[in-house]
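These notes are about the structure you will find just below.
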Amino acid sequence: MDAWEALKTECAACRGCGLCETRTNLVFGVGNEKAEVLFIGEGPGEQEDLQGEPFVGPAGKLLDDMLRMIDLDRSKVYIANMVKCRPPRNRDPLPEEQQACSRWLQRQIALIDPKIVVCLGRIAAMGLIDPEFRITRQHGQWFDRDGRRWMAVYHPSALLRDPSKRPETFMDLRALRKEIRERCSRTDSP
Ligand code: URA
């Protein structure tokens, strides 16, 4: 069994918090396991829980559009979440649930070894960049952590609720594309 298979098998058997009791499917992650760019959302919603894949509902359609705007698609990046099981009624994952699930995300990050990590929304940014992160003020800023470049953008669900945030997000995506061109030789090729 290779390292990815081992990780998926262990993760599927996890009983580290109560979310496994109510989920339909584990939502482990999807995309290119050798990606230079990793996107991290919050946690599965209803469609993701039913299909076992991240960002396949309405927010996922918008995420696909956001990727396309900067010449990316799911085959070039990896997409994961802070928690792998759906929080009931789409509530925010609790700090203890994020903590219990972080071991899986940290192993995914170690295996992928991305150059750039993009946090999708406040929850991922607070969990991974800075507990005091303010998404309204700090989206689009770069942070250096563990030899990688980190940025947060508004969560696609927030952009669906409030389209007035879209122009700012487009600027953030352009900054991401520039960073990819400078740092990521494989991601930038057609
Ligand atoms: N929102 C998230 O944060 N992640 C998903 O996978 C879907 C919606």
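Among all residue pairs at least 6 apart or on different chains, which show Cβ distances below 8 Å where the first residue, located in segment 106-128, is on the phi > 0 side of the Ramachandran plot and the second is part of a strand (DSSP E or B) and of a type in the set (G, A, S)?
From segment 106-128, the pairs are G121/G41; G121/A152.
I want to confirm something. Restricting to segment 120-135 and keeping residues that are more than 22 Å from D64 (Cβ to Cβ) and open to solvent by 40 Å² or more (accessible area, probe 1.4 Å), which single residue is nearest to the ligand (Cβ to nearest atom)?
Filtering first and then ranking leaves G127.
Let's see how each residue does on (1) within 30 Å of D2 (Cβ to Cβ); (2) aliphatic (A, V, I, L, M); (3) away from the ligand (no atom under 16 Å from the Cβ):
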residue	(1), (2), (3)
I109	yes, yes, yes
R137	no, no, yes
D146	yes, no, yes
R177	no, no, yes
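More than 10 Å from the ligand (Cβ to nearest atom), more than 16 Å from the chain's Cα centre (by Cα) and either among the charged types (D, E, K, R) or part of a loop (DSSP other than H, G, I, E, B) (or both), is that true of E33?
No, not satisfied.
Which residues, counting only those in segment 20-30, are among the basic types (K, R) and in a helix (DSSP H, G or I)?
Scanning segment 20-30 gives no hits.
Can you tell me which condition R161 does not meet? The list is (1) out of contact with any strand residue (DSSP E or B) (no Cβ under 6 Å at 6 or more places or on another chain); (2) crowded, with 21+ Cβ neighbours inside 10 Å; (3) not aliphatic (A, V, I, L, M), and all the others hold.
(2)
Given V83, V117, which one is surrounded by 14 or more Cβ atoms within 10 Å (Cβ to Cβ), under 16 Å from the mean Cα position of the chain (by Cα) and away from the ligand (no atom under 13 Å from the Cβ)?
Criteria check complete, one pass: V117.
If a residue must be in a helix (DSSP H, G or I) and either open to solvent by 60 Å² or more (accessible area, probe 1.4 Å) or not small (G, A, S) (or both), how many such residues does segment 4-19 contain?
8
If the Cβ limit is 9 Å and pairs must be 6+ apart or interchain, which residue in segment 53-65 that is within 16 Å of G29 (Cβ to Cβ) and charged (D, E, K, R) pairs with which residue that is more than 7 Å from the ligand (Cβ to nearest atom) and assigned to a helix (DSSP H, G or I)?
Within 9 Å, the pairs are E53/Q47.
Yes or no, residue by residue, for (1) more than 28 Å from R166 (Cα to Cα); (2) modelled with pLDDT under 95:
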| site | (1), (2) |
| --- | --- |
| R74 | no, no |
| I79 | no, no |
| R86 | no, no |
| R89 | no, yes |
| P93 | no, no |
| C101 | yes, no |
| W104 | yes, no |
| R107 | yes, no |
| G127 | no, no |
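Tally up the residues in segment 36-78 that are small (G, A, S), out of contact with any Asp or Glu (no Cβ under 7 Å at 6 or more places or on another chain), within 12 Å of the ligand (Cβ to nearest atom) and outside any strand (DSSP E or B), please.
Residues in segment 36-78 being small (G, A, S), out of contact with any Asp or Glu (no Cβ under 7 Å at 6 or more places or on another chain), within 12 Å of the ligand (Cβ to nearest atom) and outside any strand (DSSP E or B): 5 in total.
The values are calculated or read from the model by the stated rules, or taken from the named source; none is laboratory data. Please read these numbers as outputs of a predicted model, since none were measured by experiment. In this analysis, Cβ positions are derived from the backbone assuming ideal geometry, glycine residues included, and neighbour counts consider all displayed protein chains. All accessible areas refer to the heavy atoms of the entire protein, side chains included, with ligands and DNA or RNA removed. Shrake-Rupley method; radii C 1.70, N 1.55, O 1.52, S 1.80 Å.
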